[in-house]
C-alpha cells in the first residue's frame, strides 16, 4: 500500500486516488517516525519531499528505517559541504573557493580575496 505525507493541505498536487493513506502534517523526523511505527510500511521514499526530507534522512537511517531510492549516506555526502568538497578534491574536480564564516567582516574579507561575483549563503 502507499502512504503519502503532505505538509501543505492547500496544494492540489496530492491525488487522493493514488494512495491508501494520506496524512497532512509537517515533514519532520518525529512525524515520519510516528507514521512509520503506526503503518509499518516496507520503506520510506524521501526524494520527493524537498529539503525537509533530506534533513531527516540520516536520523531515519539511524533508527533503522528502510529508505528507498537514494541512500541517506549519499544524501548526506551531497548535502554536507565539507564532505562534498573533500569528495570533489579527491576526484580532482574543480570547485569554487568557499569558506564557512560566522561574521560580516570575515565574509567581506573572503569576498575581497576571491573576487566578485561572490555567493554568500546562510549555514
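Since every read-out is calculated from the coordinates, none of them should be taken as a lab result. All of these numbers come straight from a predicted model, not from anything done at the bench. A quick note on method: Cβ atoms are made from the backbone with ideal geometry, for glycine too, and the neighbour counts reach across all protein chains shown.
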Report summary line: With the convex hull built on the alpha-carbon atoms of the range 36-106, volume per residue in Å³ sits at 135 Å³
Report task. Among 96, 72, 41, determine the one that fluctuates most according to a GNM of the chain built with springs between C-alpha atoms less than 10 Å apart. Result -> 96
Report summary line: With -39,500 (n - 2.57) per DSSP H segment of 4 or more residues and division by the full residue count of the chain, the 222 nm estimate, nearest 500 deg cm²/dmol, is -12000 deg cm²/dmol
Requested in this report: Report the relative contact order of the range 3-79, percent, no decimals, based on alpha-carbon pairs under 8 angstrom and at least 6 residues apart.
Outcome: 24 percent
Report task. Could you check which residue among 85, 47, 19 shows the biggest mean-square fluctuation in a GNM of the chain with a 10 Å Cα cutoff? Result -> 19
**Report entry** For the range 3-79: span of alpha carbons on each principal axis (Å, largest first)
**Finding:** 34, 24, 20
Query raised in the report: Any idea how far apart residue 23 and residue 83 come out in nm if each label point goes 7 Å out from Cα toward Cβ?
Result: 2.4 nm
Query raised in the report: Could you give the distance between the Cα centres of the range 65-98 and the range 106-123, to the whole Å?
Result: 22 Å
Requested in this report: Calculate how steeply helix 29-39 sits against the longest principal axis of the alpha-carbon atoms of the chain, using the helix alpha-carbon long axis, and give the answer as 0 to 90 degrees to the nearest 10.
Outcome: 20 degrees
